[in-house]
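K.L.:
This is the structure I have questions about; it appears just below.
The values are calculated or read from the model by the stated rules, or taken from the named source; none is laboratory data. Computed from a predicted structure; not experimentally measured. Positions of Cβ are backbone-derived with ideal geometry, glycine not excepted, and every protein chain shown enters the neighbour counts. What goes into the accessible areas is simple: the full protein's heavy atoms, side chains included, and nothing from ligands, DNA or RNA. Shrake-Rupley method; radii C 1.70, N 1.55, O 1.52, S 1.80 Å.
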Amino acid sequence: MEEEKIAFETNLPPEKAKKIVEVLREVYDPEIPINVYDLGLIRKVVLENGTLKVVMTLTAVGCPVAGNVAQEVGYAIQSAVPEAQDVEVEVDFERPWDPTQMTPRGREMFKAIYGYDVVEQYLAAQQS
């Protein structure tokens, strides 16, 4: 099986990044029943001066549970990198989420749940 490429920017060693992916796959988006990692919501996880800085986005800008999801992500990542003294999670709305940011696995999950390829549909809509 091919090695899975980490879908976020990071300065962590590969084994730590993989551990983070594992824990993030346990945190789910409140609107789409797919985890935050495979949806492509995690953009960056870097360790700077003992603080893990996480940049993520959400599927919807006005998401009422944004704080809860960010907090869950912070707790999950803290459990994967216990040596980090602190975790800061920033929710970035500058570059909105779209389905093309999903991992191949996330795209397959979406197809299994909803019965269509959201990326194909999204790209088709962009061209019309």
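K.L.:
Checking Ile34 against (1) within 15 Å of Pro104 (Cβ to Cβ); (2) β-branched (Val, Ile, Thr); (3) open to solvent by 30 Å² or more (accessible area, probe 1.4 Å), only one condition comes out false. Which one?
P.N.:
Only one criterion in (1) within 15 Å of Pro104 (Cβ to Cβ); (2) β-branched (Val, Ile, Thr); (3) open to solvent by 30 Å² or more (accessible area, probe 1.4 Å) is unmet by Ile34, namely (3).
K.L.:
If you don't mind, there's one more thing I want to ask. Among the residues of segment 31-54, what is the count of those that are among the aliphatic types (A, V, I, L, M) and either out of contact with any strand residue (DSSP E or B) (no Cβ under 9 Å at 6 or more places or on another chain) or assigned to a loop (DSSP other than H, G, I, E, B) (or both)?
P.N.:
The total comes to 5.
K.L.:
Considering each residue of segment 27-74, count those that are among the aromatic types (Phe, Trp, Tyr) and either within 20 Å of Arg95 (Cβ to Cβ) or touching a Gly at 6+ places or on another chain (Cβ under 7 Å) (or both), and give that number.
P.N.:
Going through segment 27-74, the residues among the aromatic types (Phe, Trp, Tyr) turn out to be 28, 37.
Checking the rest, the ones that are also either within 20 Å of Arg95 (Cβ to Cβ) or touching a Gly at 6+ places or on another chain (Cβ under 7 Å) (or both) come to 37.
The qualifying residues number 1.
K.L.:
State whether the residues of segment 84-95 include one that is open to solvent by less than 70 Å² (accessible area, probe 1.4 Å), closer than 17 Å to Tyr28 by Cβ and either of a type in the set (Gly, Ala, Ser) or in a helix (DSSP H, G or I) (or both).
P.N.:
No, every residue in segment 84-95 fails to be open to solvent by less than 70 Å² (accessible area, probe 1.4 Å), closer than 17 Å to Tyr28 by Cβ and either of a type in the set (Gly, Ala, Ser) or in a helix (DSSP H, G or I) (or both).
K.L.:
Sticking with this structure for a sec: Please list, ordered by first then second residue, the pairs with beta carbon atoms under 7 Å, 6 or more apart or interchain, first in segment 86-113 and touching a residue at least 24 places away in the same chain (Cβ under 8 Å), second open to solvent by 80 Å² or more (accessible area, probe 1.4 Å).
P.N.:
Phe93/Val61; Pro96/Val61
K.L.:
Separate question: Would you be able to say whether some residue in segment 55-72 is assigned to a strand (DSSP E or B), over 19 Å from Ile6 (Cβ atoms), open to solvent by less than 60 Å² (accessible area, probe 1.4 Å) and touching a helix residue (DSSP H, G or I) at 6+ places or on another chain (Cβ under 6 Å)?
P.N.:
Restricting attention to segment 55-72, the residues satisfying the condition of being assigned to a strand (DSSP E or B) are 55-56.
From what is left, the residues that are over 19 Å from Ile6 (Cβ atoms) are none.
No, that holds for no residue.
K.L.:
For segment 96-128, which residues satisfy the criterion of being part of a loop (DSSP other than H, G, I, E, B) and of a type outside the set (Asp, Glu)? Can you show your working first?
P.N.:
Of the residues in segment 96-128, the ones part of a loop (DSSP other than H, G, I, E, B) are 96-98, 102-103, 115-117, 128.
Across segment 96-128, the qualifying residues are Pro96, Trp97, Met102, Thr103, Gly115, Tyr116, Ser128.
Residue-wise test of (1) closer than 21 Å to Lys19 by Cα; (2) of a type in the set (Phe, Trp, Tyr).
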{"residue": "Lys44", "(1), (2)": "yes, no"}
{"residue": "Glu48", "(1), (2)": "yes, no"}
{"residue": "Leu52", "(1), (2)": "yes, no"}
{"residue": "Val61", "(1), (2)": "no, no"}
{"residue": "Ser79", "(1), (2)": "yes, no"}
{"residue": "Met102", "(1), (2)": "yes, no"}
{"residue": "Gly106", "(1), (2)": "yes, no"}
{"residue": "Phe110", "(1), (2)": "no, yes"}
{"residue": "Tyr116", "(1), (2)": "no, yes"}
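K.L.:
Another one. Of all residues in segment 111-128 being of a type in the set (A, V, I, L, M, F, W, C) and under 18 Å from Leu39 (Cβ atoms), which is surrounded by the fewest Cβ atoms within 10 Å (Cβ to Cβ)?
P.N.:
The selected residue is Ala112.
K.L.:
Scan segment 4-22 for residues that are among the hydrophobic types (A, V, I, L, M, F, W, C) and over 13 Å from Leu52 (Cβ atoms) and jot them down. Give the steps one after another, and end with the answer.
P.N.:
Restricting attention to segment 4-22, the residues satisfying the condition of being among the hydrophobic types (A, V, I, L, M, F, W, C) are 6-8, 12, 17, 20-21.
If the condition is that a residue be among the hydrophobic types (A, V, I, L, M, F, W, C) and over 13 Å from Leu52 (Cβ atoms), then Ile6, Ala7, Val21 are the ones that fit.
K.L.:
Further question on the same structure: If you go through segment 6-30 one residue at a time, how many are outside any loop (DSSP other than H, G, I, E, B), surrounded by 14 or more Cβ atoms within 10 Å (Cβ to Cβ) and in contact (Cβ under 8 Å) with a residue 24 or more places away in the chain?
P.N.:
7
K.L.:
Among (1) open to solvent by less than 30 Å² (accessible area, probe 1.4 Å); (2) at positive phi, where does Asn49 come up short?
P.N.:
Condition not satisfied by Asn49: (1).
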